[in-house]
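Single-structure report; data block below.
The values are calculated or read from the model by the stated rules, or taken from the named source; none is laboratory data. Bear in mind that the values here come from a model prediction, so they are computed numbers and not experimental data. Don't worry about glycine lacking a Cβ; one is built from the backbone with ideal geometry, like all the others, and counts go over all protein chains shown. Calculation scope for accessible area: heavy atoms of the full protein, side chains included, ligands and nucleic acids excluded. Shrake-Rupley method; radii C 1.70, N 1.55, O 1.52, S 1.80 Å.
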Amino acid sequence: MDHDVRRKLIELLKSRSWTPLDAEQVALRVEALYELEAGEWKVVLWEIAGGEQSLYLVARKVNGLTVFDSPLEGRARDVASALNEIETGNSAPTGSR
């Protein structure tokens with residue numbers, strides 16, 4: 001992930017009511033695993049221990065590389081939609097939360 005993509009991700013997350021610190025921390029996590037490739041980012045539910053605990057994963061496909069995970073679906077959806085906006089060149093906030 002280049003610096004410009006990281007900066008856009010931070011700005012898009014802040015536009016979704018994320019704190020600047022949370023947005024920066026997530027951008028650093030995503031940056032470590034992010035690669036530009038074909039396919040839309042999706043949120044995939046991963047149930048742990050028979051459904052006692054769940055995580056929402058941000059990945060391009062079900063068994064693909066996960067760049068972010070959260071127990072909160074809204075957070076994962078924010079990250080996925082922000083990454084999709086960046087990759088399609090549409091950086092207008094969608095207010096997904």
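Only sites in a loop by DSSP and with at most 12 other Cβ atoms within 10 Å count here; which GluC sites (Glu not before Pro) in region 17-71 make the cut?
Answer in residue order: GLU35, GLU37, GLU40, GLU52.
Taking the Cα centre of the chain as origin and charging only Cβ (+1 Lys, Arg; -1 Asp, Glu), how large is the dipole, in debye to the nearest 20?
200 debye
Tell me the mean residue ellipticity at 222 nm calculated for the chain from its helices only (DSSP H runs of n ≥ 4, each -39500 (n - 2.57), averaged over every residue, nearest 500).
Result for the chain, helices only: -14500 deg cm²/dmol.
With every protein chain kept in place and ligands, DNA and RNA left out, what is the accessible area per residue of the chain? Probe 1.4 Å, answer in Å².
59 Å²
Whole-Å semi-axes of region 1-44's equivalent ellipsoid, largest first, each the root of 5 times a Cα gyration tensor eigenvalue?
In descending order the semi-axes read 18, 13, 10 Å.
Counting only protein heavy atoms, what percent of the accessible surface of the chain is carbon or sulfur at a 1.4 Å probe?
51 percent
Would you mind computing, in nm to one decimal, how far apart the modelled labels at ASN63 and HIS3 are, each placed 7 Å from Cα along Cα→Cβ?
4.0 nm
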